[in-house]
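Okay, structure first, notes after.
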Amino acid sequence: MKRAFIAILSFILLLPIYQASEISTLEADGDVGYRQVELIWSTDSPTQEGTIFQIWMSNETIIETINATMHSQVTVGNTSGLIQPEIGEWYDDCTYNFGDGKWIPVYRDLDGTAVVPSETIGVNCTLTGIPPGIEIYLAVMVINPSNESILSPSISSSSTSSDEEIIVIETSPYIFAIGSIALSVIILLFILRWMDYREGKTTSRFAHIYIAPAILALSVLTFYPVLYGIWLSFTNADQSYLGDQSIIGIENFITVISTSGFFRVTGFTLLWSIVNVAAHIGFGLLLAMALNSNDLRGRSAYRTALLLPWAIPSYISVLVWRGLYEPAGALNDFLGTDLNLLADPNGARIVVILVNIWLGIPFMMMSISGALQALPKDMYEAAEVDGINKFSRFFYLTLPNLKSALVPLSLLGFIWTFNMFNVIYLMTDGGPNLDFDGPGSTDILITYVYDVAFREGAYGVAAAWSVVIFLMLVVFSWTYMKKTNATEAVT
Amino acid sequence: MIGSEKSLSPVFHDDLASRWYIPAEVESLRSLYPIVVMINFVSLAIFILREDQDLIFSSSMQIVVSLVILLLLYKLDQGQRFIRDGVIAISGLSLLLCVLQFLSGPQIIIDYWMLGWSLFPSLFAIYSVSKPIVTLWASGNQTTRSAELGLYRNRSVNRFHGKVFRHVALTHAVAFVVLPILWILDVALSPGNSLGGGFFDSVTMEHFNHILSSESFWIWTRNSVIVSIGTTILGLALAIPAGYAFSRFKFRGRDYAMFSFLLVQMFPGVIILVPYFLVMKALGLLNTSVGLILAYSVTALPLCVWMLKGFFDTVPKELEEAALVDGCNQNNVFWRIILPLSLPAVAVTALFSFLAAWNEFLLALTFNTSEEMYTLPVGLASLISSTGQAWGDFAAASLLVSLPVVVLFVIFQRFLIEGLSAGGVKG
């Protein structure tokens, strides 16, 4: 009761002081840039603290706000302690003036909303994200401190620049490069054939012609892009500099190394690959041995069922698993829990690894199964007669004999898992904790490269990442092969 | 396990058969109980996540009990009858805990599974250690003859236990594989976009009708079919002659050419992605089927060449030699004799290229960004995105898309797996 009385009293007292402002002029200019419209308005009287300007847009004349959507708002308030970004630093550039024709950049509060001081007369905002090429209507609604809102008449405009950024890419260098590669491959094949001819090899007359299409395709569509990628990594190519990029030395590689989270994402990629490959081989070996016994009833039924994760397209399985792990999904029903694993960094890491383990087991199971069948049977019979128990049989007979199959398989598995894009992209897209610059919690190197290339448009940096990843893989494979060969020589 | 001096019976203490003999039941229990302890830890973790105090208590007790059983099993030896009685008693305690656990807590499938992993091992433990032969062994009163018989009997018991263990392990693996698939079937058949709820509560075909009558699904299917068939034809046209040449001819540069095919196989796709995209962009091949066909046929090329070379190697050389002697020229030998003979192999290679193109995601996502040119993978993924969570439609569409692929894979599994593991590429 007392509170209501005070409210009414203050309302009556303040009413004459706060003079309501109305929009007196409103102009729009669509010719300012890509998907942008510049909106300028001024009020008939200096605005009071607490006034809010709301910018509404619609594709029909705005009479009420029901058929429109709010684009952004500008509040009149206390600006002390707020940041005042320069023009071009913020997403929507806004300036204001006190009626003296001097435009000053607006302040921004913690949410990023534009704040202008009281007594402001005019505001000029560059609105971004306007659909290009079509007529849109804009209006400004003034909400006075007394909560009285007045909607200005709407004004129509259109962002004139077209949707596609027109970047003319010079095709001739590419055509020239492809043409010269193709020509040199043809000449090389011709020379090889001629050398064969001089030696009098007649049976292989058509050999070079037979391999020519495949070799041409391979060099134009694989080797050329690889070399081009290596060259790109030393240039400043990005979305806006494509076509006239220039060599900038190793700057891209410095950018790569100094990315915040470079070591975190590399570490997680290694963890991801090693845990996955170990689990694939471990479970694959277990299942292959279970399937491999002679007197197993229903073996082909088991094998067909266990092959399903390999047969189903991987993108489908991954999305299905994502649905299972959603808070409303079946996992929580099944376990009787209330988890949201995908929103928790460590939970999401465990989940993506589990899904990839599920996907990769069948391949390892089948490959190991093939290797197991090749092992000599009499070796096991002899061991059984000698009373060797099954653990010793596994560790002293099966594993050493499988080593020649397991070493290349694990290396291959490592390279694939290292580059497994689908699982992470479709499960979490690298999240949670996606920062603007830097990898998210579950990003591995390849998903982060995708982000750098196709979300940030930094092609040169992405090419540098690719080269770094390739070098990592080469170094790893080389050491792995060396180490395993060394131990083989010892035993 | 060789018994210690004091545990041996005084009469037969240097008898090899009785020294060596441990009943197979005890051996099996010794390898079973670590797994039981592990699964009890898993249940404890689930109950902690569920924050259910009673079940946390009972499963912690269960862990203690199974650890004690494991310890006793390793202590059990000849002449240790009271340890055997201990195993029976503690297993009985475990059974009692199972009953308590059964009487409390929500009864969902996983609870029964966890209960089963305490119940059956303890029943098995009680049953097998109270068998006469084990009793005899544990009391230390066995004769050499009975130990010899026991050793003989162990082989068949071991075989039986191994068989049961295999079936249990494989059933678990199959359940792990099949549950997500059953779940997506449930989502496809249940109304609305709900992800949870009971299995097959209410069945509706609305999602199938919706996806089959939606225009975009058919556009994506058309794009995928065009790209996959194009890839298959172009890929085979490039791979067949090359595979044949590698299989039959000795020519200059052969080893280098074959090595370059292997090298490409080892390239991670990532190093090519960005430059590939830029080349395609420059040539105006983004958002076309041709761009994807070119990219896919080259990515699949090395494996196809290796597969076909392997198949051509198995066609006897004498056939060609006879034809050449009869005056047939080299080209005709290839087209009229070798190719018809290796049609089945060519069909398998074609199936492989088709499946690879049908399932590929990354390049399709990068190259074809306009919705008109989406292939099925990108289209289906777009059903589940930040803008829409059409789980029901996605489930129906994914079943429709994967069914033919899975059927083809299962029918041709033997050939595909041989070919794929020869070239070393995952589908």
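With charges set only on the Cβ (+1 for Lys and Arg, -1 for Asp and Glu), what does the dipole of the range A:18-157 come to about its Cα centre, in debye to the nearest 20? If you can, show how the numbers build up before the last one.
On the way: 3 positive and 19 negative charges, 27 e Å.
Dipole magnitude for the range A:18-157 comes out near 140 debye.
Whole number please: convex hull volume per residue, Cα atoms of the range A:255-490, in Å³. All intermediate terms of the calculation are to be shown ahead of the outcome.
Working: hull volume 36.0 nm³, N = 236.
Here the figure is 153 Å³ per residue.
Once the mean 1/r over all distinct Cα pairs of the range A:367-491 is inverted, what Kirkwood radius in angstroms do you read off? Walk me through the numbers on the way to the answer.
Values: mean 1/r = 0.0556 Å⁻¹.
After inverting the mean inverse Cα-Cα distance, the result is 18.0 Å.
How about the range A:55-94: which GluC sites (Glu not before Pro) there lie in a loop by DSSP and see at most 11 other Cβ atoms within 10 Å?
Those satisfying the criteria are A:Glu64, A:Glu86, A:Glu89.
Which far-off residues, 5 or more places away or on another chain, put their amide H under 5 Å from the one on B:Asn368, with H placed in the peptide plane?
When sequence neighbours closer than 5 places are left aside, the close amide H contacts are B:Asn287.
If each of A:Tyr197 and A:Asp109 carries a label point 7 Å out from its Cα toward its Cβ, how far apart are those two points in nm?
8.4 nm
If Rh is defined by the Kirkwood formula over all Cα pairs and Rg also comes from Cα, what ratio Rg/Rh do you get for the range A:172-232?
Working: Rg = 14.0 Å, Rh = 12.7 Å.
Rg/Rh: 1.10.
Using a cut-off of 14 Å between beta-carbons, work out the net charge of the residues near A:Leu324 (Lys and Arg +1, Asp and Glu -1, A:Leu324 not included).
Value of the local net charge: -2.
Compute the helix-to-body angle for A:399-418: its Cα long axis versus the longest principal axis of chain A, expressed 0 to 90° and rounded to tens.
Computed tilt is about 20 degrees.
Could you check the spin-label model distance between A:Trp231 and B:Lys250? Points 7 Å from the Cα along Cα→Cβ, value in nm.
Taking the two extended label points, one gets 4.0 nm.
Just in the range A:55-129: which chymotrypsin sites (Phe, Trp or Tyr not before Pro) are loop by DSSP and have at most 12 other Cβ atoms within 10 Å?
A:Tyr91
Can you tell me, using C-alpha contacts under 8 Å and at least 6 residues apart, the relative contact order of chain B as a whole percent?
On the way: 426 pairs, mean separation 72.0, N = 427.
Contact order relative to length: 17 percent.
Step by step: find N for chain A, compute 2.2 N^0.38 Å, then divide the Cα radius of gyration by it. What's the final number?
Working: Rg = 33.6 Å, N = 491, 2.2 N^0.38 = 23.2 Å.
Expressed relative to 2.2 N^0.38 Å, the Cα Rg reads 1.45.
Loop sites only, by DSSP: take the trypsin sites (Lys or Arg not before Pro) in chain A that have at most 13 other C-beta atoms within 10 Å and name the longest stretch containing none of them.
Working: sites that count: A:Lys102, A:Arg297, A:Arg455.
Result for the longest clean stretch: A:103-296.
Might you report the magnitude of the Cβ-based charge dipole of the range B:230-360 about its Cα centre, with Lys and Arg at +1 and Asp and Glu at -1, to the nearest 20 debye? Walk me through the numbers on the way to the answer.
Values: 8 positive and 7 negative charges, 57 e Å.
Using only the charged Cβ atoms, the result is roughly 280 debye.
Which residues' amide hydrogens lie under 5 Å from the amide hydrogen of A:Gly99, considering only partners 5 or more residues apart or on another chain, with H built in the peptide plane?
Here A:Ile121, A:Gly122 satisfy the definition.
Angle, helix A:172-198 long axis vs. longest principal axis of chain A, Cα atoms, 0 to 90°, nearest 10?
In chain A, helix A:172-198 runs at an angle near 10 degrees to the longest axis.
Just give me a number: lysine pairs in chain A, eight or more positions apart or cross-chain, with C-alpha atoms less than 26 Å apart.
Taking the Cα cut-off of 26 Å, the pair count is 5.
Efficiency by 1/(1 + (r/R0)^6): what FRET value for A:Thr171 and A:Ile248, r their Cβ-Cβ distance, R0 = 22 Å, to the nearest 0.05?
On the way: r = 24 Å, r/R0 = 1.07.
For A:Thr171 and A:Ile248, the calculated efficiency is 0.40.
Return the ratio Rg/(2.2 N^0.38 Å) for the range B:207-423, where Rg is computed over Cα atoms only. Let's see the in-between values first.
Details: Rg = 20.1 Å, N = 217, 2.2 N^0.38 = 17.0 Å.
Rounded to two decimals, the normalised Rg is 1.18.
Lysines within cross-link reach of B:Lys75: Cα-Cα under 20 Å, excluding same-chain residues under 8 positions apart?
Counting by Cα, and skipping residues close in sequence, B:Lys75 has these lysines nearby: B:Lys6, B:Lys131.
Going by the alpha-carbon gyration tensor, a ≥ b ≥ c the square roots of its eigenvalues, is chain B rounded (a/c under 1.5) or, if a/c is not under 1.5, prolate (a/b greater than b/c) versus oblate?
On the way: a/c = 3.40, a/b = 1.65, b/c = 2.06.
Here chain B falls in the oblate category.
Based on the Cβ-Cβ distance of A:Phe98 and A:Ser240, what FRET efficiency does E = 1/(1 + (r/R0)^6) give at R0 = 51 Å, to the nearest 0.05?
Values: r = 37 Å, r/R0 = 0.72.
Here the calculated transfer efficiency is 0.85.
How high is the relative contact order of the range B:67-123, given as a whole-number percent (alpha carbon pairs under 8 Å, six or more residues apart)? Provide the component values of the computation, followed by the final result.
On the way: 27 pairs, mean separation 19.6, N = 57.
Worked out over the range B:67-123, it gives 34 percent.
Starting from the Cα of B:Lys309, draw a straight line to each of the lysines and keep only those under 17 Å, dropping any in the same chain fewer than 8 residues away.
Those lysines meeting the cut-off are B:Lys250, B:Lys317.
Can you tell me how the range A:18-157 classifies by the Cα gyration tensor, rounded, prolate or oblate, using a/c under 1.5 as the rounded cut? Intermediate results must be reported in sequence, preceding the final value.
Details: a/c = 1.67, a/b = 1.18, b/c = 1.42.
Oblate, because a/c is 1.5 or more while a/b does not exceed b/c.
How much net charge surrounds A:Phe391 when only other residues with a Cβ under 13 Å from its Cβ are counted (Lys, Arg +1; Asp, Glu -1)? Display every interim value, and only then the final one.
Details: positive: A:Lys390, A:Arg393, B:Arg30; negative: B:Glu27.
That sum, taken over residues with Cβ under 13 Å, equals +2.
Report the GluC sites (Glu not before Pro) located in the range A:374-471 that are in a DSSP loop and have at most 14 other Cβ atoms inside 10 Å of their Cβ, or state none. Each step should come with its number before you reach the end.
On the way: sites: A:Glu381, A:Glu384, A:Glu456; in loops: A:Glu456.
Here the sparse-neighbourhood loop sites are A:Glu456.
Using the Karplus equation 6.51 cos²θ - 1.76 cosθ + 1.60 (θ = phi - 60°), what ³J(HN,Hα) coupling, rounded to whole Hz, does each residue of the range A:213-225 give in order, writing x for Gly and Pro?
Each residue of the range A:213-225 in turn: x, 5, 5, 4, 4, 5, 6, 6, 9, 10, 5, 4, x Hz.
Across the range B:311-421, how large is the tail of the calculated P(r) beyond 22 Å, expressed as a percent of all Cα pairs?
On the way: 3358 of 6105 pairs.
Within the range B:311-421, distances greater than 22 Å cover 55 percent of Cα pairs.
If neighbour count is taken as other Cβ atoms inside 10 Å, put B:Phe334, B:Phe57 in order from fewest to most.
On the way: B:Phe334 20, B:Phe57 15.
So the ranking, lowest neighbour count to highest, is B:Phe57, B:Phe334.
Mean separation of Cα pairs under 8 Å and 6+ residues apart, divided by the residue count of chain A: what relative contact order is that in percent? Don't skip to the answer; put the middle values down first.
On the way: 689 pairs, mean separation 63.6, N = 491.
After rounding, I find 13 percent.
What are the DSSP H helices in chain B that stretch 20 Å or more along their long axis, judged by alpha-carbon atoms, and whose average Kyte-Doolittle hydropathy comes to at least -0.5?
Length and hydropathy pass: B:24-50, B:53-75, B:81-103, B:109-129, B:144-189, B:215-248, B:289-313, B:343-359, B:391-411.
At a Förster distance of 22 Å, what's the computed FRET efficiency of B:Lys163 paired with B:Arg81, Cβ-Cβ distance as r, to 0.05?
On the way: r = 30 Å, r/R0 = 1.38.
After rounding, the FRET efficiency stands at 0.15.
How far apart, in nm, are two points set 7 Å out from the Cα along the Cα-to-Cβ line at B:Ile108 and at A:Trp478?
Inter-label distance under the simple model: 5.2 nm.
Using only C-alpha atoms and all pairs of different ones, pull out the Kirkwood radius for the range B:5-189 in Å with one decimal. Write down the numbers at each step before the final one.
Numbers: mean 1/r = 0.0547 Å⁻¹.
It works out to 18.3 Å.
Calculate how steeply helix A:314-325 sits against the longest principal axis of the alpha-carbon atoms of chain A, using the helix alpha-carbon long axis, and give the answer as 0 to 90 degrees to the nearest 10.
60 degrees
For a distance above 47 Å, tell me the whole-number percent of Cα pairs in the protein assembly as shown that qualify. Kindly include the intermediate steps, with their values, before the conclusion.
Working: 185016 of 420903 pairs.
So the portion of pairs separated by more than 47 Å is 44 percent.
Every read-out reported here was derived from the displayed coordinates using simple, explicitly stated rules and does not represent laboratory data. Since the model is a prediction, treat every value here as computed from it, not as a measurement. A quick note on method: Cβ atoms are made from the backbone with ideal geometry, for glycine too, and the neighbour counts reach across all protein chains shown.
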